[in-house]
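For reference, the structure discussed in these notes is given below.
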Amino acid sequence: MAKIHLKQVKKTYGKAPKAVDVIHGIDIDIADGEFIVMVGPSGCGKSTLLRMVAGLEEISSGDIMIGDRVVNNLEPKERDIAMVFQNYALYPHMSVYENMAYGLKIQGLPKAEIDTRVQRAAEILELGALLDRTPRQLSGGQRQRVAMGRAIVRKPAVFLFDEPLSNLDAKLRVQMRLEIQKLHASLRTTSLYVTHDQVEAMTLGQRMIVMNKGRAEQIGTPAEVYGKP
Ligand code: ADP
Ligand code: ADP
């Protein structure tokens with residue numbers, strides 16, 4: 001059974017007669033453990049769709065299921081997802097450790113469990129030596145690794161990535177892309193990843209969703225989408 005199931009999901013901004021359909025009724029099934037990348041020109045609705053899955057944006061009609069639950073009316077924190085943003089969205093006054101631990105504290109997990117999870121994430125992401133620093137004392141790549149650490153400590157059913165690498169320089173983008181691949185190879189967390197970078201899409205995506213003007217124009221493997229060489 002699919003981990004993420006979108007059924008005739010629509011999004012309309014504004015009210016008639018000025019209503020604008022931004023997502024026109026999308027059907028997508030994302031398998032458990034799959035890494036799927038969403039691409040398409042600016043303004044085609046990628047962010048809107050991702051934010052609706054995250055619960056940051058209401059859907060106008062249709063259904064979104066995560067696991068076996070319809071999540072249409074659930075808050076982001078009730079959806080068993082973690083999201084990684086382009087601008088990292090770290091807490092500037094907190095240390096790396098506290099940035100990763102914060103969400104778990106809010107959930108009320110025991111300190112020992114929080115510590116185990118943060119230490120483990122720090123190990124995976126090679127942040128062990130940086131736990132006492134604040135975000136300001138980190139490079140862009142390190143900040144993005146903290147943002148990912150904060151997502152993985154939650155052990156969510158689903159990762160949502162919103163152009164996570166687009167603020168990094170070209171060399172770091174390549175390096176972080178490899179790290180994300182490694183992370184998925186070991187955790188196998190179902191992932192929906194938005195990018196406008198074709199190379200990123202082809203190397204990371206097991207399948208791709210090609211969006212255009214609020215519709216999923218094509219869904220398939222990179223070879224199917226771009227044609228075999
Ligand atoms: P993408 O992420 O693919 O660049 P978006 O999802 O950000 O596209 O935007 C899709 C469309 O929805 C765009 O035409 C954008 O102008 C419109 N849009 C996004 N947010 C709003 C809003 N709050 N009100 C009205 N229109 C919006
Ligand atoms: P409190 O929640 O009591 O304000 P902190 O959030 O500062 O305390 O830290 C809680 C626990 O997290 C500490 O007792 C410590 O075990 C662990 N901890 C905090 N920072 C670090 C760090 N940089 N490296 C390892 N463990 C840390």
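Brief remarks follow.
- Out of Arg177, Arg188, Arg207, one residue alone is among the basic types (Lys, Arg) and on the phi > 0 side of the Ramachandran plot. It is Arg188.
- Positions within the range 96-130 being of a type in the set (D, E, K, R) and either open to solvent by 80 Å² or more (accessible area, probe 1.4 Å) or within 9 Å of ligand 2 (Cβ to nearest atom) (or both), in sequence order: Glu98, Lys105, Lys111, Asp115, Arg120, Glu123, Glu126
- Scanning the range 86-95 for residues that are within 24 Å of Lys182 (Cα to Cα) and surrounded by fewer than 16 Cβ atoms within 10 Å (Cβ to Cβ) yields Asn87, Ala89.
- When each of Arg133, Arg154, Arg207 is tested for being surrounded by 15 or more Cβ atoms within 10 Å (Cβ to Cβ), among the charged types (D, E, K, R) and more than 16 Å from the chain's Cα centre (by Cα), the lone residue that passes is Arg133.
- Among the residues of the range 1-42, the ones that are loosely packed, with under 14 Cβ neighbours inside 10 Å and within 11 Å of ligand 1 (Cβ to nearest atom) come to 7 in all.
- Given (1) within 16 Å of ligand 2 (Cβ to nearest atom); (2) crowded, with 20+ Cβ neighbours inside 10 Å, number of the condition Gly45 does not satisfy: (1)
- When the strands (runs of 3 or more DSSP E) confined to the range 1-102 are screened for residues that are more than 20 Å from Thr189 (Cβ to Cβ), those reaching at least 3 such residues are found at 2-13, 20-31, 61-66.
- Counted residues, the range 210-225 - those being open to solvent by 20 Å² or more (accessible area, probe 1.4 Å) and either in contact with an Asp or Glu (Cβ under 7 Å, 6 or more places away or on another chain) or of a type in the set (Gly, Ala, Ser) (or both): 3
The values are calculated or read from the model by the stated rules, or taken from the named source; none is laboratory data. Keep in mind that what you see is a predicted model, and the values were worked out from it rather than measured. Neighbour counts are summed over all protein chains in view; Cβ atoms, including those assigned to glycine, are modelled from backbone coordinates with ideal geometry. Keep in mind that these areas ignore ligands, DNA and RNA; they rest on the heavy atoms of the full protein, side chains included. Shrake-Rupley method; radii C 1.70, N 1.55, O 1.52, S 1.80 Å.
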